[in-house]
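Trainee: Below is the structure I would like to discuss, written out as structure tokens.
The values are calculated or read from the model by the stated rules, or taken from the named source; none is laboratory data. Note that the structure is predicted; figures quoted are calculated from it, not measured. Glycine also receives a Cβ, built like all others from the backbone with ideal geometry; neighbour counts cover every protein chain displayed.
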Amino acid sequence: MNQPTGRTIALIALAAFAVYLGIYYWPNIAGFIGLVASAVAPLVLGLVLAYPLNILMSFYERHFLPASTGRVVARVRPGISLVLALLTLVVVATGIMWLVVPQLVECVKLLIDEVPVATVSLFDWLEESELITPDLVSSVNASLEAFDWKSHVSDLASMVMSGIVGAVSGVVSGTATFFLAVIFSIFVLLNKKRLAIQRDLIMERYLSAQMLARVRYVLGIADDCFHRFLVGQCTEAVVLGVLCAVGMLILQLPYALMIGALTAFMALIPIVGALISGAIGAFLILMVSPVQALVFLIFIVVLQQLEGDLIYPHVVGSSIQLPGIWVLAAVTVGGGAFGIAGMFVGVPLAAVAYRLLRNDVYAGK
């Protein structure tokens, strides 16, 4: 049996000391990590925004004077393609807001008008059912009168002010981060060819030939899976939103365009997005007519069955080549770990893992 050398003992002792320092100074280390994370957040978000924006940009690059070999066209093609991609997103966002905002304002006004009436009806029903007795009402009123409001006004005011300050600072910080991320993503896309060359030079310099081939293989599969997922998910969202709006117009249900746009937007979240939009739509229609809300629920259940059995497997599932059980597992695990973002990213990550595992299993057969 080989005895541990002095160098091995020193390395073990150094690792144990590093673990001790990490545990003892963890609050300071966590604060430093948070500071670094907040500093690089605009850059990371910019890279995240650049990827789907590059799909649109590449589409316009392939179709903007594709037969031209002129130097001027080659130099202006990336800039024009990026402008067209940004304009496309602005037009889509403006169209969604134009469909959603007016009807959403109408829903809010209707909700404000109906809440007092519903509250009165609820109390009347509770009194008729003898769930609320006069003694209970008198007891509640006596408790409210005996409550010392003055002693709690200052605390309430300070809580409200701190909440307002926190909300304003959060909005300002988030807006600044998003603005910097958009600028960074634009610079990345305008220089993507040069950055790709620099990336390849660094990888070729510091990686062995075998490791370089493996990294390029994994990155190629990841890029293909994420590209297919984004395109398929957006296509499925548009199809589902149009079907929802058209079906509601045929059934003469209220807020057809708004709920259709909401369904298309929420369909970007795999599986659960349609459920969320259906619940919101049913609640909004319930304020107008309970019967129409029931009709909408039946319609949305049928539409979700159609989406789950036909649209999603053929549009998204076949494009990323991921079985349905893996999709459900990815959405569940990703949502539980990282919320909405985890649901969205979990499916393409699972597709990458599934394809790598499948290729490795069948490599020797």
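Trainee: Report the residue count in region 227-271 for those that are in a helix (DSSP H, G or I) and more than 29 Å from Pro348 (Cβ to Cβ).
Mentor: Initially, region 227-271 is screened for residues in a helix (DSSP H, G or I), giving 227-250, 256-266.
Checking which are more than 29 Å from Pro348 (Cβ to Cβ) leaves us with 246-250, 256-258.
Residues in region 227-271 being in a helix (DSSP H, G or I) and more than 29 Å from Pro348 (Cβ to Cβ): 8 in total.
Trainee: Give the residues of region 199-244 that are within 30 Å of Ile298 (Cβ to Cβ) and out of contact with any helix residue (DSSP H, G or I) (no Cβ under 8 Å at 6 or more places or on another chain), sorted by residue number. First the steps, then the outcome.
Mentor: Here is the first cut: in region 199-244, the residues within 30 Å of Ile298 (Cβ to Cβ) are 232-244.
Correct list: Cys234 only.
Trainee: For the structure I just gave you, tell me whether Gly336 is in contact with a Pro (Cβ under 9 Å, 6 or more places away or on another chain), loosely packed, with under 15 Cβ neighbours inside 10 Å and either modelled with pLDDT of 75 or more or not aromatic (Phe, Trp, Tyr) (or both). Show your work before the answer.
Mentor: On the way: in contact with a Pro (Cβ under 9 Å, 6 or more places away or on another chain): no; loosely packed, with under 15 Cβ neighbours inside 10 Å: yes; either modelled with pLDDT of 75 or more or not aromatic (Phe, Trp, Tyr) (or both): yes.
Judged against the criteria, Gly336 is not a match.
To keep it simple, each residue is scored yes or no on (1) over 30 Å from Ile186 (Cβ atoms); (2) in contact with a Phe, Trp or Tyr (Cβ under 8 Å, 6 or more places away or on another chain); (3) not acidic (Asp, Glu).
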site: Ala15; (1), (2), (3): yes, no, yes
site: Tyr20; (1), (2), (3): yes, no, yes
site: Asn28; (1), (2), (3): yes, no, yes
site: Ala41; (1), (2), (3): no, no, yes
site: Leu53; (1), (2), (3): no, no, yes
site: Arg77; (1), (2), (3): no, yes, yes
site: Ala85; (1), (2), (3): no, yes, yes
site: Val90; (1), (2), (3): no, no, yes
site: Val101; (1), (2), (3): no, no, yes
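Trainee: Test Leu190 against the stated conditions and say whether it is out of contact with any Asp or Glu (no Cβ under 6 Å at 6 or more places or on another chain), more than 24 Å from Ser38 (Cβ to Cβ) and in contact (Cβ under 8 Å) with a residue 60 or more places away in the chain. Write out each step before concluding.
Mentor: Working: out of contact with any Asp or Glu (no Cβ under 6 Å at 6 or more places or on another chain): yes; more than 24 Å from Ser38 (Cβ to Cβ): yes; in contact (Cβ under 8 Å) with a residue 60 or more places away in the chain: yes.
Considered against the rule, which asks whether it is out of contact with any Asp or Glu (no Cβ under 6 Å at 6 or more places or on another chain), more than 24 Å from Ser38 (Cβ to Cβ) and in contact (Cβ under 8 Å) with a residue 60 or more places away in the chain, Leu190 comes out as yes.
Trainee: Does Ile298 satisfy being exposed (fewer than 13 other Cβ atoms within 10 Å of the Cβ), free of Cβ contacts under 8 Å to residues at least 40 places away in the same chain and assigned to a helix (DSSP H, G or I)? Please lay out each step first, then the result.
Mentor: Working: exposed (fewer than 13 other Cβ atoms within 10 Å of the Cβ): yes; free of Cβ contacts under 8 Å to residues at least 40 places away in the same chain: yes; assigned to a helix (DSSP H, G or I): yes.
Yes.
Trainee: Among (1) surrounded by 11 or more Cβ atoms within 10 Å (Cβ to Cβ); (2) within 29 Å of Thr177 (Cα to Cα); (3) without any contact (Cβ under 8 Å) to a residue 60 or more places away in the chain, there is one condition Pro78 misses while meeting the rest; what is its number?
Mentor: It is condition (3) that Pro78 fails.
Trainee: Test Ala267 against the stated conditions and say whether it is surrounded by fewer than 23 Cβ atoms within 10 Å (Cβ to Cβ), among the small types (Gly, Ala, Ser) and out of contact with any His (no Cβ under 7 Å at 6 or more places or on another chain).
Mentor: no
Trainee: Can you find a residue in region 240-262 that is within 30 Å of Tyr51 (Cα to Cα), surrounded by 15 or more Cβ atoms within 10 Å (Cβ to Cβ) and touching a Lys or Arg at 6+ places or on another chain (Cβ under 7 Å)?
Mentor: no
Trainee: While we're on this one: Using beta carbons and a limit of 8 Å, which pairs, at least six apart or on different chains, have the first residue in region 342-353 and not assigned by TED's automatic domain parsing to the domain that holds Arg228 and the second one part of a helix (DSSP H, G or I) and surrounded by fewer than 22 Cβ atoms within 10 Å (Cβ to Cβ)?
Mentor: none
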